[in-house]
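What follows is one structure encoded as C-alpha cells, with my remarks underneath.
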Amino acid sequence: ELKEIVFIIQSQSNSFHAKRAEDLKRDILKQAGDLGKELPTVLLIHEMDGHEGAWTILPLMRDFSVTYGRNSSWIFFCEEDTRIQVVKLLETLGRFDKSKEWFLGKALYDEESTIIHHYAFAENPTVFKFPDFAAGWALSIPLVNKLAKKLKSEPLKSDFTIDLKHEIALYIWQKGEGPHLTPVPEFCTDDVNSYKVDHCATTFSNFLPLCGEPVKKEDIFVAVKTCQKFHGDRIPVVKQTWEREAALIEYYSDYTDISIPTIDLGIPNTDRGHCGKTFAILERFLNHSSPRTPWLVIVDDDTLISIFRLRKLLSCYDPNEPVFLGERYGYGLGTGGYSYITGGGGMVFSRIAVQKLLASKCRCYSMDAPDDMVLGMCFSGLGIPITHSPLFHQARPMDYPKGYLSHQIPVSFHKHWNIDPVKVYFTWLAPNTEESLNGKKVGYNREDL
C-alpha cells in the first residue's frame, strides 16, 4: 500500500532548494491523490528536528524506527531533482518481500579506490556497490529497525562524512554481515524526456539549474589561493583554462610576482591549513572590492572551475540571503559537530554571508587551521546553513564512478596529479563542451580521462 511508504526528500533550507523539495512533495501527494489512495508520509530532511546532521541520514534511523517501525514497510529516499512515477514505484517495491531486510538502489561502484576513504575494497573495488542517490534508494522497515538497534548500542565511529552514499552502504554492509545493495533497474537517472525511461520508476532532471539570466561576469569576484612554489606550474594552467571566463580575479600568495600578478597578503604559506590566508581574503573582499559585487568564489590554484556554468547556477540563489555554497562534508555530526564546504572544489559566498561572518567574533584558532572546517564551524555557530551542490568536486573526474558523473553537468574538479589538467578542463568544463551534452562529442573523450 502507498501509505506504507515513507518518502524522505534530501532537502535544504536555502530558499531555492526548499522550494524545489516542496514542489516534489506536492507532486508525490498529487499522484497519490489521483490514484485515490491513502496519502503516504512525505518528509523534508531540512525540517527534521533541527538536527544539524540530518542530511547524513544514519542518525535518523532510531526516529524512523520508533515512528514508522510498526505501520510502514519502506523508507524511500530521494533528491529534490528525482522524479518519481508513484504507480511504477509501488509495482517495483511490491516485488520484494517487505518482511525481509532490503537495501535497494541504482548501483554505483569504483573502478579504482582513488578517493581517500574508499580503501575498504582496494583489492577489488568493483565488488562493493553503493546507491546513486539521484535515482532514489529504499530500505525495508526490518532493516531500518535493525540499524536503529545497532546505532543504539554502537554509535557511528567515523568523525568525517565525506561521501555519504558510500559510507551508508558500508555501514549497512556491516563487514559482510548485513545486506549488500540490491540493484533495481527501475531506479533510473535518465532524463525524464529520454526514450529509455518507459520502464523507470524514477528519473532525474540532469540539467544545470538556470533561474532567469545567468549572473553577470562582473558580479563574481574570484580569489585564487596560491604560493610561490606553485607559481610556475599551477598558475599557467589557470591562465590556459578558466581565467578568461572571470572578469574579476586576483591571485593571493606569500610572494609578490608582478608577471602573474600575485598579491602578498603578508601571511606566510603553511603546509597544513590556510585559515589565516582565507580570512585575509574575506576581509579584502569586504573592504577592497566593489561593494556592488554580490558573489565571492575562493578556489585553490589546482581547482578547475567553469565560471560559465557557475554564472547559470548562481542565477538560482538570492544574493540577499547568506549563501555559503559548494560540496558538503560533515565533521562529528553524530555528536553535535558541523557541516562544511570542502575547499578544493571551490567555496562560494554571498557578500552578506561574508559580512555576517566577519561581524561575528569567530576566527581561526591558528593560522594553519583547516580554513574550510573553521568556516563551517563559524557558519554553524551563526545559524547560517551551508548549501550543498553535487556539481562541485573535491577530486578528479577519474576518482568518481562513471555512472555518477554521467547525469551531471559539473562546475568544478580539483587536483592535478597524474592527469593533464588542461585536457580535463576542455573535456569536462569548457563552455564549448555544452554541445557535447546533446550527444555531439567536443574536444577529448571523457572515457580517456
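The values are calculated or read from the model by the stated rules, or taken from the named source; none is laboratory data. In this text the structure is predicted, and so the values were computed from the model without any measurement. Glycine also receives a Cβ, built like all others from the backbone with ideal geometry; neighbour counts cover every protein chain displayed. The accessibility values were calculated without ligands, DNA or RNA, using every heavy atom of the protein model including side chains. Shrake-Rupley method; radii C 1.70, N 1.55, O 1.52, S 1.80 Å.
Taking label points 7 Å from Cα along the Cα-to-Cβ direction, Lys100 and Glu22 give a separation of 4.2 nm.
Here the dipole of the chain is about 580 debye; that uses its Cα centre as origin and unit charges on the Cβ of Lys and Arg (positive) and Asp and Glu (negative).
Label separation (Thr335 vs Ser15): 3.9 nm, computed from points 7 Å beyond Cα along the C-beta direction. Note on the chain: dipole from Cβ charges, positive end direction compared against His416, Asn71, Leu156; the farthest Cα belongs to Asn71. A Stokes-Einstein calculation at 20 °C with viscosity 1.002 mPa s, built on the Kirkwood radius of the range 217-435 over Cα pairs, returns a diffusion coefficient of 122 µm²/s. Measuring max minus min along each principal axis, the C-alpha atoms of the range 239-292 give extents of 30, 28, 19 Å (largest first). Residue separation of Glu1 and Leu39 scaled by 0.36 nm, minus their Cα-Cα distance, works out to 12.7 nm of gained length.
Working from Cα pairs under 8 Å separated by at least six residues, relative contact order for the range 294-406 is 32 percent. Under a 5 Å amide H cut-off, with hydrogens placed 1.01 Å from N, Phe160 pairs with Gly332 among residues at least 5 apart or on other chains.
Counting heavy atoms of the protein chains alone, Ile235 has an accessible area of about 0 Å² for a 1.4 Å probe.
Restricting the GluC sites (Glu not before Pro) of the range 131-194 to loop positions (DSSP other than H, G, I, E, B) with no more than 13 neighbouring Cβ atoms within 10 Å leaves Glu177.
Contact order for the chain, expressed relative to its length and based on alpha carbon pairs under 8 Å spaced 6+ residues apart, stands at 14 percent. The amide H of Glu79, built 1.01 Å from its N in the peptide plane, has Gln10, Gly136 as neighbours under 5 Å, considering only residues 5 or more places off or on other chains. Say R0 is 45 Å: what FRET efficiency, to the nearest 0.05, do Gln174 and Ile258 get from their beta-carbon distance? For R0 = 45 Å, the calculated efficiency reads 0.15. Three semi-axes describe the equivalent ellipsoid of the range 1-63; taken as square roots of 5 times the Cα gyration tensor eigenvalues and ordered largest first, they are 23, 16, 6 Å.
Calculated [222 nm] ellipticity per residue, helices only, for the chain: -8000 deg cm²/dmol; basis is -39500 (n - 2.57) per DSSP H run with n ≥ 4, divided by all residues, nearest 500. A Stokes-Einstein calculation at 4 °C with viscosity 1.567 mPa s, built on the Kirkwood radius of the chain over Cα pairs, returns a diffusion coefficient of 56 µm²/s. Direction-averaged projected area, Cα convex hull, the range 143-254: 13.8 nm², rounded to one decimal. Applying 0.36 nm per residue to the separation of Asn269 and Lys402 and subtracting their alpha-carbon distance, the gain on full extension is 44.3 nm.
Just flag the GluC sites (Glu not before Pro) in the range 1-75 sitting in loop per DSSP whose Cβ has no more than 14 other Cβ atoms within 10 Å. For GluC sites (Glu not before Pro) across the range 1-75 that sit outside H, G, I, E and B with at most 14 neighbouring Cβ atoms in 10 Å, the list reads Glu1, Glu38.
Phi-derived couplings, Karplus 6.51 cos²θ - 1.76 cosθ + 1.60 at θ = phi - 60°, listed residue by residue for the range 412-420: 8, 9, 9, 5, 10, 5, 6, 9, 9 Hz, with x used for Gly and Pro.
Computed from backbone phi, the HN-Hα couplings of the range 389-405 come to 10, x, 7, 9, 10, 6, 10, 8, x, 5, 7, 10, x, 4, x, 6, 7 Hz, rounded to whole numbers (Karplus: 6.51 cos²θ - 1.76 cosθ + 1.60, θ = phi - 60°; Gly and Pro given as x).
Each residue of the range 192-203 was assigned a 3J(HN,Hα) from its phi angle through the Karplus curve 6.51 cos²θ - 1.76 cosθ + 1.60 (θ = phi - 60°); the sequence is 4, 8, 6, 5, 7, 8, 4, 8, 7, 8, 10, 9 Hz, with glycine and proline shown as x. Please identify, among Thr203, Thr82, Thr67, the residue showing maximal mean-square fluctuation in a Gaussian network model of the chain using a 10 angstrom Cα cutoff. Fluctuation is largest for Thr67.
The order of the peptides 23-33, 346-356 by mean Cβ neighbours within 10 Å, most packed first, is 346-356, 23-33.
For the range 215-284, the list of chymotrypsin sites (Phe, Trp or Tyr not before Pro) that fall in a loop by DSSP and count at most 16 other C-beta atoms within 10 angstrom reads Tyr255. In terms of its Cα atoms, the range 208-324 spans 41, 29, 25 Å along the principal axes, sorted from long to short. Which residues in the range 265-286 have a backbone N closer than 12 Å to a point placed 7 Å from the Cα of Gln355 along the Cα-to-Cβ line? Correct set: 286. For the chain, the share of accessible area belonging to carbon and sulfur comes to 51 percent (1.4 Å probe, ligands and nucleic acids excluded). Projecting the alpha carbon convex hull of the range 2-204 along each direction and taking the average yields 11.9 nm². Under 5 Å from the amide H of Val411 lie the amide H atoms of Phe392, each residue being 5 or more positions distant or on a separate chain, with H modelled from the backbone and absent for Pro and chain starts.
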